[in-house]
1. Out of all the residues in segment 106-122, which are touching a residue at least 24 places away in the same chain (Cβ under 8 Å) and either open to solvent by 10 Å² or more (accessible area, probe 1.4 Å) or more than 22 Å from TYR65 (Cα to Cα) (or both)?
2. Out of all the residues in segment 67-81, is one or more more than 21 Å from PRO157 (Cβ to Cβ) and not in a helix (DSSP H, G or I)?
3. Taking THR93 as meeting all but one of (1) β-branched (Val, Ile, Thr); (2) open to solvent by 10 Å² or more (accessible area, probe 1.4 Å); (3) part of a helix (DSSP H, G or I), write down the number of the exception.
4. Which of the numbered conditions does VAL61 fail, given that it passes all the others? Conditions: (1) open to solvent by 10 Å² or more (accessible area, probe 1.4 Å); (2) of a type in the set (Val, Ile, Thr); (3) over 19 Å from ALA36 (Cβ atoms).
5. Which of (1) of a type in the set (A, V, I, L, M); (2) under 22 Å from ASN83 (Cβ atoms); (3) at pLDDT below 95 is the odd one out, the single condition LEU35 does not satisfy?
6. List every residue pair whose Cβ atoms sit under 6 Å apart, with the two residues 6 or more apart in sequence or on different chains, where the first one lies in segment 11-27 and is buried (at least 18 other Cβ atoms within 10 Å of the Cβ) and the second, anywhere, is part of a helix (DSSP H, G or I) and among the polar types (S, T, N, Q).
7. Within segment 125-155, can you find the residues that are in a loop (DSSP other than H, G, I, E, B) and either touching a Pro at 6+ places or on another chain (Cβ under 8 Å) or surrounded by fewer than 23 Cβ atoms within 10 Å (Cβ to Cβ) (or both)?
8. Which members of segment 68-79 meet the condition of being touching a helix residue (DSSP H, G or I) at 6+ places or on another chain (Cβ under 6 Å) and closer than 24 Å to ALA165 by Cα?
Amino acid sequence: MSKKALFIIPPERFNEDELFKPKEALEQAGVTVTLASTKTGEITGDYNGKATADLVFTDAVLADYDVVSVIGGSGTNDYLWNNADLQALLKQTYEQKKLLAGICAGSVAVAQTGLLSGRTATCYPVDVQKDQLQSHQAEYVAQHVVAHSDIITADGPDGAQDFGAALVKALQ
């Protein structure tokens, strides 16, 4: 499969399971995964794991990717929620009929675009995230993955493996 994925992570404190498990699933299926953030270079996760952002997400050329996914972690709330540049990119992703995805706090970033309005979605089961989904007219459901044909959301580390599998399936 010669598909390409863009994973957007916060500039610090991404969740390692939410990044590495779906990334591995995609790479094993032959999908090239590019990491982007608000800065380039080495980024430290919530548990001191390391990842390297190859580009600033605002420089991403959407035509190059088949899926854009927002990864969670404690830094996602601080840097990616209510980020106007990210919301514009996610809306463009959707408008260009690319697969859009988010896991944990990343699901909230997707919901903040309004694209989940009237749909079911999932996120990490804490009030601050569930409240965000509901305030953007998404219906929270307690399950690991909610896969629509065009948008996939996942709950967090416990659902990271299933999230990766859902992304692979959607790209086939």
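The values are calculated or read from the model by the stated rules, or taken from the named source; none is laboratory data. Being a predicted model, the structure only gives us computed values, none of them experimental. Glycine also receives a Cβ, built like all others from the backbone with ideal geometry; neighbour counts cover every protein chain displayed. Keep in mind that these areas ignore ligands, DNA and RNA; they rest on the heavy atoms of the full protein, side chains included. Shrake-Rupley method; radii C 1.70, N 1.55, O 1.52, S 1.80 Å.
1. GLN112, THR113, LEU115, ARG119, THR120, ALA121, THR122
2. Narrowing segment 67-81 to residues more than 21 Å from PRO157 (Cβ to Cβ): none.
Looking through segment 67-81, none of the residues is more than 21 Å from PRO157 (Cβ to Cβ) and not in a helix (DSSP H, G or I).
3. (2)
4. (3)
5. So the condition that LEU35 fails would be (3).
6. Listed by first residue and then by second, the contacts come to ARG13/SER74; LYS21/GLN161.
7. Passing the criteria: PRO125, VAL126, HIS136, GLN137, VAL141, ALA142, GLN143, HIS144, HIS148, SER149, ASP150, ASP155.
8. Of everything in segment 68-79, those that are touching a helix residue (DSSP H, G or I) at 6+ places or on another chain (Cβ under 6 Å) and closer than 24 Å to ALA165 by Cα turn out to be VAL68, VAL70, ILE71, GLY72, THR76.
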